[in-house]
């Protein structure tokens with residue numbers, strides 16, 4: 001099967017989001033090897049990989065309030081610094097993928113992205129389409145973007161996926177984080193938690209009240225925003241059966257899910 005999967009590696013998985021620019025190198029190396037293994041298992045598998053900015057971009061963006069808009073000289077310096085550190089993490093991710101044997105191609109979203117009042121309205125997809133057709137795995141990431149109203153803004157990987165999905169038509173979307181899936185409470189809060197195995201539109205309003213944000217610094221809205229973005233995506237994409245949210249801390253799970261479209265793991269967001 002010539003399947004296209006959008007795969008996101010979460011910033012909270014790749015970095016320690018409580019400390020600036022703190023890469024979890026061992027986790028990244030293992031995940032890169034699992035991705036390479038999945039491509040070897042399924043020669044027809046095509047991947048568009050995205051990753052969050054974690055403690056690289058989020059910390060700087062929050063310092064400067066970049067998501068709320070950019071209007072001052074200091075704000076524009078913060079905008080540029082956020083772009084720089086986000087690209088720094090991208091280079092580390094792409095390097096690990098190449099070391100594992102994945103033909104990864106870095107793609108900078110801010111080079112073509114444009115927002116209007118915080119909403120992504122333009123992003124060039126033709127280089128990504130060409131890369132996929134050539135057997136490469138393009139790697140996008142949470143980044144800054146120019147904004148017609150606010151001056152500058154932040155775009156998350158989920159927002160990028162939502163923009164690209166109708167244009168590239170993935171068969172699956174897999175979001176890989178540092179928890180087993182969507183939980184009923186923050187696992188660090190001391191409150192008993194349970195895994196939500198499936199989220200449907202009728203369950204979404206009640207769940208949004210309890211999902212909350214992410215641990216550490218997250219300027220893109222945390223788990224609640226991710227779930228809302230992905231629900232909107234599956235509802236507008238008839239060819240997309242589900243979005244799957246899984247843990248990247250469980251060894252070999254990413255490889256298993258990429259290799260088997262029917263693997264049962266984590267949380268599924270469906271129509």
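The values are calculated or read from the model by the stated rules, or taken from the named source; none is laboratory data. The structure displayed is predicted, hence computed values, not measured ones. Cβ sites come from the backbone with ideal geometry, for glycine too, and all protein chains shown count toward neighbours.
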> Looking only at residues in the range 230-248 that are within 16 Å of the chain's Cα centre (by Cα) and surrounded by fewer than 21 Cβ atoms within 10 Å (Cβ to Cβ), which one is farthest from residue 120 (Cα to Cα)?
Replying inline: 247
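Evaluate the following for residue 97: is it outside any loop (DSSP other than H, G, I, E, B), touching a residue at least 60 places away in the same chain (Cβ under 8 Å), touching a helix residue (DSSP H, G or I) at 6+ places or on another chain (Cβ under 9 Å) and surrounded by 20 or more Cβ atoms within 10 Å (Cβ to Cβ)? Let's see the steps before the verdict.
Numbers: outside any loop (DSSP other than H, G, I, E, B): yes; touching a residue at least 60 places away in the same chain (Cβ under 8 Å): yes; touching a helix residue (DSSP H, G or I) at 6+ places or on another chain (Cβ under 9 Å): yes; surrounded by 20 or more Cβ atoms within 10 Å (Cβ to Cβ): yes.
Judged against the criteria, residue 97 is a match.
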> What are the residues in the range 223-271 that are in a loop (DSSP other than H, G, I, E, B) and over 17 Å from residue 169 (Cβ atoms), if any?
Replying inline: 248, 249, 250, 251, 252, 260, 262, 263, 264, 265, 266
>> I'm trying to understand the selection: among the residues of the range 50-69, which are surrounded by fewer than 24 Cβ atoms within 10 Å (Cβ to Cβ) and at pLDDT 95 or above?
In response: none
> Which one of these does residue 127 not meet: (1) in contact (Cβ under 8 Å) with a residue 40 or more places away in the chain; (2) over 16 Å from the mean Cα position of the chain (by Cα)?
Replying inline: (1)
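Give, as residue ranges, the strands (runs of 3 or more DSSP E) completely inside the range 100-177 that count at least 1 residues that are closer than 25 Å to residue 37 by Cβ and touching a helix residue (DSSP H, G or I) at 6+ places or on another chain (Cβ under 9 Å). First the steps, then the outcome.
Numbers: elements: 104-106, 114-116, 119-122, 137-141, 143-147, 151-155, 172-177.
Where strands (runs of 3 or more DSSP E) fall fully within the range 100-177 and carry at least 1 residues being closer than 25 Å to residue 37 by Cβ and touching a helix residue (DSSP H, G or I) at 6+ places or on another chain (Cβ under 9 Å), they are 104-106, 137-141, 172-177.
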> Within the range 34-59, how many residues are closer than 15 Å to residue 92 by Cβ, in contact with a helix residue (DSSP H, G or I) (Cβ under 6 Å, 6 or more places away or on another chain) and not in a loop (DSSP other than H, G, I, E, B)?
Replying inline: 5
> If the Cβ limit is 6 Å and pairs must be 6+ apart or interchain, which residue in the range 220-233 that is more than 20 Å from residue 59 (Cβ to Cβ) pairs with which residue that is modelled with pLDDT of 80 or more and not in a helix (DSSP H, G or I)?
Replying inline: 230/243; 230/269; 231/269
>> Given the condition surrounded by fewer than 23 Cβ atoms within 10 Å (Cβ to Cβ), at pLDDT below 95, in contact with a strand residue (DSSP E or B) (Cβ under 8 Å, 6 or more places away or on another chain) and more than 20 Å from residue 228 (Cβ to Cβ), answer yes or no: does some residue in the range 114-121 qualify?
In response: no
